[in-house]
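To start, the structure itself, in C-alpha cells.
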Amino acid sequence: QVRLVESGGGLVQAGGSLRLSCAASGRTSSNYVMGWFRQAPGKEREFVGAINWSGGSTVYTDSVKGRFTISRDNAKNTMYLQMNSLKPEDTAVYSCAARPGLFLTTSGLAYNYWGQGTQVTVSS
C-alpha cells in the first residue's frame, strides 16, 4: 500500500505560480509512475501530467504544456507540480496518484493509489 498526501494548494492571482507537493509513504521501494489529476466543480476529473520512476520521462495534457512542470525526488518520496502562468481555468482540486510499473499512462483508471486532493484557486 502507498499513502499519498498533497500540499501546497491555495489562492493565487492569474499569472502567478504555485508548487504542489505529493508525499508518498508506505510501500515506496517499488517502481511507481506518479501522476497529477484535477477536477473542477461540475466537471470530470482531468489528467494533468505524469512522471516515470526515474524522472526522465514526463507527459502533460496540452492545456498545461509549457506552464506546468512535474518532478520527483525519490530520496524524499515526493513528487512536485510547479505551476506557472496560472489561469482562472486552472482552478480545481488537484490530486496526485500512483501506479506500480514503468510506463506512463494518462488514464485515471490505471492508477491504484490516490491522495485526498488540494484546492487551487486562481483569481482573475
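The values are calculated or read from the model by the stated rules, or taken from the named source; none is laboratory data. Since we're looking at a predicted model, the values are computed, not measured. Glycine gets a Cβ as well: all are built from the backbone with ideal geometry, and neighbour counts include every protein chain shown. Surface accessibility is based on the protein's heavy atoms, side chains included, excluding ligands, DNA and RNA. Shrake-Rupley method; radii C 1.70, N 1.55, O 1.52, S 1.80 Å.
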*Scan segment 71-111 residue by residue and report those that are under 10 Å from residue 32 (Cβ atoms), part of a loop (DSSP other than H, G, I, E, B) and either aliphatic (A, V, I, L, M) or at pLDDT 95 or above (or both).*
102, 111
*asked:* Considering only residues that are hydroxyl-bearing (Ser, Thr, Tyr) and either modelled with pLDDT of 95 or more or at positive phi (or both), which ones fall in segment 20-56?
replied: 21
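Do you know which residues across segment 1-37 are assigned to a strand (DSSP E or B), among the charged types (D, E, K, R) and open to solvent by 20 Å² or more (accessible area, probe 1.4 Å)? Step through it out loud before you land on a result.
Kept after step one, since they are assigned to a strand (DSSP E or B), are these residues of segment 1-37: 2-7, 10-13, 18-26, 32-37.
Keeping just the survivors that are among the charged types (D, E, K, R) gives 3, 6, 19.
Correct list: 3, 19.
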*Quick one: how many residues across segment 52-87 are open to solvent by 50 Å² or more (accessible area, probe 1.4 Å) and either touching a Pro at 6+ places or on another chain (Cβ under 7 Å) or within 16 Å of residue 118 (Cα to Cα) (or both)?*
1
*Output the number of residues of segment 100-116 satisfying the condition of being within 18 Å of residue 1 (Cβ to Cβ), out of contact with any Asp or Glu (no Cβ under 7 Å at 6 or more places or on another chain) and open to solvent by less than 50 Å² (accessible area, probe 1.4 Å).*
4
